[in-house]
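Novice: Quick one: structure below, then a few questions.
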Amino acid sequence: MRTYIRNIYKKIIEQSKKKFFFDVFFVPQKPETKIEIFQLNLIIVLWYMKKKKFKEDDITFLISIFLKDLELLCFEMGEAESRIPKKMRKMTENFYGRLISYSNQFDMILKKKKCEIIKRLRINFNDEKIQYDKYSKYLEMNIKHFNKIEKNDFENLSFYEFSK
């Protein structure tokens, strides 16, 4: 059931592990920045699904897989079991805030209006070593790419790579 959504989730995971995030964008290899990379790639897919009018159940299912993984990650990182619900609430609120914020910025990119992607990236990553201009180009390329993908091609969805 919903195998295609799980397959898309796996593609997001694989994309988020690509070396260019660390070698070209200089994102530090810390758990919180890896989560941030993953969230951004997930948000691109969720934005696409919303734009192409996918069933709300499918969108919710994709988000629920992510939130379950976050909860498991908290356990693996040694978070006290009693504090996990509070931490999950905060992480969920942060995710939905990012989802809305970035989705609005992605719409601005398509409308060719001034957007604040770099500003959002700086706030969420909070690291001066990161090449935010390159990261924003990666996002812009993928937004334009995904916008052209037809709903029928969802299972074959692929991200653009980024090179120097």
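The values are calculated or read from the model by the stated rules, or taken from the named source; none is laboratory data. What you are looking at is a predicted structure, and each value in this text was computed from that prediction instead of being measured. Positions of Cβ are backbone-derived with ideal geometry, glycine not excepted, and every protein chain shown enters the neighbour counts. Surface areas here come from the heavy atoms of the whole protein model, side chains and all, with no ligands, DNA or RNA. Shrake-Rupley method; radii C 1.70, N 1.55, O 1.52, S 1.80 Å.
Novice: Please verify whether the range 12-35 includes one or more residues that are farther than 23 Å from Asn126 by Cβ and under 17 Å from the mean Cα position of the chain (by Cα).
Specialist: Yes, the range 12-35 contains at least one residue that is farther than 23 Å from Asn126 by Cβ and under 17 Å from the mean Cα position of the chain (by Cα).
Novice: Within the set of pairs 6 or more residues apart or between chains, which connect a residue that is more than 17 Å from Ile35 (Cβ to Cβ) inside the range 72-83 to a residue that is assigned to a helix (DSSP H, G or I) and modelled with pLDDT under 70 with Cβ atoms less than 8 Å apart?
Specialist: The qualifying pairs are Glu81/Phe75.
Novice: Filter the range 1-11 for residues that are of a type in the set (Ser, Thr, Tyr) and touching a residue at least 40 places away in the same chain (Cβ under 8 Å); which is least open to solvent (accessible area, probe 1.4 Å)?
Specialist: Tyr9
Novice: With Lys134, Lys87, Lys144, Lys148 as the choices, which residue is basic (Lys, Arg) and touching a residue at least 40 places away in the same chain (Cβ under 8 Å)? First the steps, then the outcome.
Specialist: On the way: Lys87 fails: touching a residue at least 40 places away in the same chain (Cβ under 8 Å); Lys144 fails: touching a residue at least 40 places away in the same chain (Cβ under 8 Å); Lys148 fails: touching a residue at least 40 places away in the same chain (Cβ under 8 Å).
Selected residue: Lys134, the only one of Lys134, Lys87, Lys144, Lys148 that is basic (Lys, Arg) and touching a residue at least 40 places away in the same chain (Cβ under 8 Å).
Novice: Looking only at residues that are under 17 Å from Lys50 (Cβ atoms) and among the polar types (S, T, N, Q) in the range 96-138, which one is surrounded by the fewest Cβ atoms within 10 Å (Cβ to Cβ)?
Specialist: The qualifying residue surrounded by the fewest Cβ atoms within 10 Å (Cβ to Cβ) is Asn104.
Novice: Of the residues that sit in the range 12-56 and are farther than 20 Å from Arg98 by Cα and part of a helix (DSSP H, G or I), which one is most open to solvent (accessible area, probe 1.4 Å)?
Specialist: Applying the filter and picking the extreme gives Glu14.
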